[in-house]
Amino acid sequence: MKLRKLAHISTSKEEEGVEEMSMELEEGEILPPEEEEEASQEDPKPVGKRVRFSGEGSEKKSHYKVFEFSGNRYTIGIGFRFVDCSKLSEKDVKVWSFSKLAVSFSCVAKAEDPVLLAPETKEQKPDIIIIKDITQTIDGMVMVTGQLFYHPEDAKKKGGGNWQIRDTRELFYSTHLVEVPANCVMHKCVVHFIPANKQLPDCRKHPGFIVQQIYDAVEQKLWKIADKDHN
């Protein structure tokens, strides 16, 4: 899988290095409309109280639950879990913000703020993550750590070959974490977690990605979604 260069979380100082790119303009330089808009875009900003600190010295980071970028707010997700809707009260359904699609399944999954990440090249598909951590470095850079969804063609198969998929909307859930600058976040997206024994939703009525399997990047195997939490 060809992930963005800064995506992998690493314990190596060499791999953790982030190349700084200057956005300053030469005097009198005029940008095309799209570049001018990008240059004038406000940087991501954390919202609310700091949750905790981590690291020391130049590696010290502040952790937050929410950040804002381009007028949108993004929050830390909780992974997903199945819930028996027959045991939920009307208040529970409202709090969990279930869609009609989810409630119709009797067993549903909840995930907060899956987001698309801007691809590095035109040929690359956007990565999709669930935000798990939001940090700010001492120099003010906001970073996002996310739990990655794999596109089937990017998930390596033990022994070689390709994974058989049922739908072009399909993604594989994983516990693989990546870290990217928060300004890579494009916008929120919809991911439907569908139990293997349920019919896939009509894409015209319920647009978005679908997940029915979990990808183990270490073992290079797939597991069907079971009735348990995945965080």
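Numerical summary
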item	result
Check: the stretch 118-230 dipole with +1 on Lys, Arg Cβ and -1 on Asp, Glu Cβ, in debye	520 debye
For peptides 43-55, 142-154, sequence by mean Cβ density within 10 Å, most packed first	142-154, 43-55
Ser70-Leu200 FRET efficiency (beta carbon distance; Förster radius 30 Å; 0.05 resolution)	0.40
The stretch 143-212 - percent relative contact order, Cα under 8 Å, separation 6 or more	37 percent
Cα-derived Rg to Rh of the stretch 108-231, Kirkwood definition	0.97
Over 23 Å between alpha carbons, listed pairs Lys156/Lys224; Lys60/Lys132; Lys188/Lys224	Lys188/Lys224
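Read the figures in this text as sums done on the coordinates, not as results from a lab. It should be emphasised that the depicted structure is a prediction, and the values quoted were computed from it without experimental measurement. Virtual Cβ from ideal backbone geometry, glycine too; neighbours counted across all protein chains shown.
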